[in-house]
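To keep things clear, I will list the structure first and then write my remarks on it.
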Amino acid sequence: MIGVAIPAHNEAQVLALCLQSVLCAARALDSAEEVRVVVILDSCTDGTREVAEVFGVDVVATGARNVGHARAAGADYLLSLGVRWLAFTDADTEVGPDWLKHQLALGSDAVCGTVAVRDWSCHGSAAVALAAHFAASYTDADGHRHIHGANLGVCAQAYRRAGGFAPLACHEDVALVRALEQSGARIAWSARPRVFTSARRQARARGGFGDALLAAATPLALAWSGACVQLAGELAGEFTGGAGAGAAGAAP
């Protein structure tokens, strides 16, 4: 049995797309192996539970408001059902149709995947510069060393040996991977399992991916704005100079 755990804090607006993609990935598996999906409701006060129930997935509720605790609760629930593989993503993320297939095919104790962003528009004037900065600085290829809870897989035995997720408000994914490394787990650092995550400005985990984008966005927006002003000035100068030269040349 395969398990997928999705922590959620007030994610009613985005959860449906996530669940659609996860269930699609489950149907794409070559075998008839059962896939159980659980949404961990972490201090939710909106309609997240109702969205999960529409899709018929399992639900576990916690009031910790802590992503490490939520991921651990989801893992514990799935392990109690007897899953052999734990896959993790986030509620604001859509996984590719071969996401689970690629995780399993890598034949490792754990898989660390990359993330991509489809829409940067929520960052307004910084969107273009932020997308370019991400593309230039992020390694979306096999052999990368990125760690994302939105694209992570681990076999049940390795997860148990590593001690599971620590109840950390941030970087719980990094702590787990470091523990996996220390326990001797074979880790695949692969770009094959694909996910597309949100670039939203309202980050759920302080210090996580969303906050990292926000930290980069402000100076990039200022730099981009300054560059645009400078370019506009240069173009205006060239246009004026050209017109003046033409007028001078045409004078008798």
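Read-outs throughout are calculated quantities, based only on the coordinates presented, and are distinct from any laboratory measurement. As the structure is a prediction and not an experimental result, all values here were calculated from the model. Here the Cβ positions follow ideal geometry from the backbone for every residue, glycine too, while neighbour counts run over all protein chains shown.
Where in the range 1-50 are there trypsin sites (Lys or Arg not before Pro) that are in a DSSP coil and have at most 10 other Cβ atoms within 10 angstrom of their Cβ?
In loop regions of the range 1-50 (DSSP not H, G, I, E or B), there are no sparsely surrounded trypsin sites (Lys or Arg not before Pro).
Looking at the range 112-164, which trypsin sites (Lys or Arg not before Pro) are in a loop (DSSP not H, G, I, E or B) and have at most 11 other Cβ atoms within 10 Å?
When the trypsin sites (Lys or Arg not before Pro) of the range 112-164 are filtered for loop state and at most 11 Cβ neighbours within 10 Å, R118, R145 remain.
If you filter the range 13-92 for chymotrypsin sites (Phe, Trp or Tyr not before Pro), then keep DSSP loop positions with at most 15 other Cβ within 10 Å, what is left?
Loop-located and lightly packed - F55.
Given axes a ≥ b ≥ c from the Cα gyration tensor, I'd like to know whether the range 21-99 is rounded (a/c under 1.5), prolate (a/b larger than b/c) or oblate.
Cα axes put the range 21-99 in the prolate bin.
Using a basic spin-label model with each label point 7 Å from the Cα along Cα→Cβ, how many nm lie between D76 and E53?
2.4 nm
Taking the Cβ of each residue in D76, D98 as the centre, tally the other Cβ atoms inside 10 Å and list the residues starting with the fewest.
The fewest-first ordering by Cβ neighbours comes to D76, D98.
Going toward the positive end of the dipole of the range 34-75, with +1 on Lys and Arg Cβ and -1 on Asp and Glu Cβ, which of G68, T48, V37 do you reach last?
So the residue we want is G68.
Kindly put T93, T45, T197, T139 in sequence by how many other C-beta atoms sit within 10 Å of each C-beta, fewest to most.
Arranged by neighbour count, lowest to highest, T93, T45, T197, T139 become T45, T139, T197, T93.
So what is the relative contact order of the range 1-144, in percent, for Cα pairs below 8 Å that sit 6 or more residues apart?
Rounded, it is 31 percent for the range 1-144.
Let me know the shape class of the range 34-188, please: from the alpha-carbon gyration tensor, a ≥ b ≥ c as square roots of the eigenvalues, rounded when a/c is under 1.5, otherwise prolate if a/b is greater than b/c, or oblate.
oblate
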